[in-house]
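Report on one structure; see the data block that follows.
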Protein chains: 2
Amino acid sequence: MTGCQSEDDQILELLQALNKGVSPKFERCAGISPTRLRLLHQLFQVEEISQISLQREIDIDPAAITRHLKGLEESGMISRRNNPADNRVTLVSLTPQGRERVHSYKEEKKRFISSLLAGFDEAERKTLEDMLIRLQHNINGM
Amino acid sequence: MTGCQSEDDQILELLQALNKGVSPKFERCAGISPTRLRLLHQLFQVEEISQISLQREIDIDPAAITRHLKGLEESGMISRRNNPADNRVTLVSLTPQGRERVHSYKEEKKRFISSLLAGFDEAERKTLEDMLIRLQHNINGM
DNA sequence: GAAGGATAGTTGACGGGTCAATTAAATAGG
DNA sequence: CCTATTTAATTGACCCGTCAACTATCCTTC
């Protein structure tokens, strides 16, 4: 699957391969896409929140937010209403059923992360986290 | 951008954030998408190759291969012909111009990886690579 | 208070990936 | 031989993200 390349090329390939693996496996395990769970997670720890705040927390395109929320609304997990104090903003909140479901999703996510990090001890996890942060920082600096 | 979560949750978030950053930045730097460059890279070190072999090397969906190759063909980087010995398979090869261009793409990629891994010494790169491999392995085992 | 600019959200088009169904060719097996 | 199966590639439909254009509301400021 991989040819003869420099070590550093390998790291890039690995990052890409890893990413290709993570999302589908996550979704298969948790029963929801990572992004949607992040949305629900945010909503979970807040009574009600505007789409724009949600978008800033999650850091994806407003268009994506709109469509995800539309889907989540159709599945009865969330509800939306206009902010009477400012008709531009729509306020989003978990429905009771949504709040209920998030519990089990979070359990699945926990299990998923355990499997993902199986074999990594505390020190290694910290090292990995630091390295990922450094990579992120390098990326941001481009 | 991130709430209060367990350390391990952080790692998953970081992986996702990193991935979100890498591809667009790569494309901006190198002038081509990572996947397409991987395709070209494979083609570069081979005279001619069937789509199916290419697909197995790159490990993406056949549909994606078809569409990428269509694009690369339109831009004059590659050419395709039927395998006279087996009319099911189409053989793909770099055009001379394509082969020429790959050189500069590879330069850009190198620069990109240097920036990405800036501040990582040899030992750290090795550690990172090992960890990514272990993560990949954990994923595959799901 | 009307004009102009910011802000929130939606929509459409597009790139990149998946899966499922289809076509065309090759290969077995009765 | 002719059918049945496998294989390579393509296509269409969908999900997820982006960007750009648009609408609607609010806020200035003159």
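Quick notes on this structure:
- Separation in nanometres of the label points that stand 7 Å from Cα toward Cβ, at B:GLU108 and A:LYS110: 4.6
- For B:ILE52, solvent-accessible area (1.4 Å; no DNA, RNA or ligand), Å²: 80
- Where a label projected 7 Å from the Cα of A:SER50 along Cα→Cβ would reach, residues of region A:67-97 with amide N under 15 Å: A:81-93
- Diffusion of region B:5-101 by Stokes-Einstein, at 37 °C in a medium of 0.692 mPa s and with Rh set to the Kirkwood radius over alpha-carbon pairs, works out to 219 µm²/s.
- Qualifying lysines (Cα of each under 21 Å from Cα of A:LYS109; at least 8 residues distant if same chain): A:LYS20, A:LYS25, A:LYS126, B:LYS20
- Inter-label distance, A:SER33 to B:ARG28: 2.3 nm, where each label sits 7 Å from its Cα along the C-beta direction.
- What sits nearest the axis between copies A and B, counting only chain A Cβ atoms, is the residue and whole-Å distance A:ASN19, 2.
- Basic side chains Lys and Arg get +1 at the Cβ, acidic Asp and Glu get -1 at the Cβ, and with that the dipole of chain B about its Cα centre reaches some 640 debye.
- Where Rh is the Kirkwood radius over Cα pairs, Rg/Rh for region A:74-118: 1.24
- Coordinate range along principal axes, alpha carbons of the protein assembly as shown, Å, largest first: 65, 42, 35
- Here the accessible area of region B:44-92 is 47 percent carbon and sulfur, with a 1.4 angstrom probe and all protein chains present.
- Ascending list, in nanometres, of distances separating the B:VAL89 label from those of the other copies (7 Å, Cα toward Cβ): 6.1
- When both region A:72-118 and region B:111-142 are represented by their alpha-carbon centers, they are found 33 Å apart.
- Scanning chain B for long hydrophobic helices, with DSSP H runs required to stretch 20 angstrom or more by C-alpha along their axis and to average at least 0.5 on the Kyte-Doolittle scale, returns nothing.
- Charge-dipole axis of region A:68-142 as Lys and Arg at +1 and Asp and Glu at -1 on Cβ define it, positive-most pick from A:LEU128, A:ASN82, A:LEU117: A:ASN82
- Å² per residue, accessible surface of the protein assembly as shown at 1.4 Å: 52
- Over the protein assembly as shown: helical MRE at 222 nm, DSSP H runs n ≥ 4 each giving -39500 (n - 2.57), nearest 500: -22500 deg cm²/dmol
- Area buried, chain A against chain B - accessible surface, total, 1.4 angstrom probe, square angstrom: 5700
The values are calculated or read from the model by the stated rules, or taken from the named source; none is laboratory data. The structure presented is a predicted model; accordingly, all values stated were derived computationally and were not measured. In this analysis, Cβ positions are derived from the backbone assuming ideal geometry, glycine residues included, and neighbour counts consider all displayed protein chains. Each accessible area value is taken on the protein alone, full model and side chains, heavy atoms only, with ligands, DNA and RNA left out. Shrake-Rupley method; radii C 1.70, N 1.55, O 1.52, S 1.80 Å.
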